[in-house]
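Taking it in order: structure first as structure tokens, then the write-up.
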Amino acid sequence: MRDVFLQIAGVVAIAVALIHAVLSETKLFPHVTVTPPRLQLLVRLVWHCSTVAWIAGGALLIATPYFESQTARHWIVATMAANYLFATLVNAWATRGRHFGWVLLGAVSAFAIAGY
């Protein structure tokens, strides 16, 4: 059952990353003005660094049950759970709990910890 929890955490992490990317491109960036304009692409790319990291973390969580090393499992789960837990807390604090992202990120943390 632990392996299933890790894989659920990974799938949810990837879903959160994709939702993050789509919503930012459709709802946020059309209304953002970056000065000077030449930095607009840079701002977008830096914004999506978290998207890429969350997808990579999700892929690691999905793959972890197939690793034979318990040490690798320990460190992957501990690192990813801490990463998503930090994102949960920062998101909840910054939005005063009014954004649904912290709930989804918290679910990833909870499933990862349950799969530890």
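Within the shell defined by Cβ-Cβ distances under 14 Å, the residues around SER50 carry a net charge of 0, with Lys and Arg each +1 and Asp and Glu each -1. Projecting label points 7 angstrom from Cα along Cα→Cβ for LYS27 and VAL46 puts them 2.3 nm apart. Under the rule a/c < 1.5 gives rounded, and otherwise a/b versus b/c splits prolate from oblate, where does the range 50-89 land using the Cα gyration tensor? Here the range 50-89 falls in the oblate category. The sum of -39500 (n - 2.57) across all DSSP H runs of n ≥ 4, divided by the residue count of the chain, sets its helix-only mean residue ellipticity at 222 nm to -24000 deg cm²/dmol. Note on MET1/PHE100: beta-carbon distance plugged into 1/(1 + (r/R0)^6) with R0 of 41 Å gives a FRET efficiency of 0.95.
Computed on the chain, the Cα convex hull volume stands at 99 Å³ per residue. Computed on the range 7-69, the Cα convex hull volume stands at 66 Å³ per residue.
Each Cα pair under 8 Å and six or more residues apart adds its separation to the average, and for the range 12-116 the resulting relative contact order is 30 percent.
Here, each number is a calculation from the coordinates, and none is a lab measurement. Worth saying up front: this structure is predicted, and the values here are computed from it rather than measured. Backbone-built Cβ (ideal geometry, glycine too); neighbour counts: all protein chains shown.
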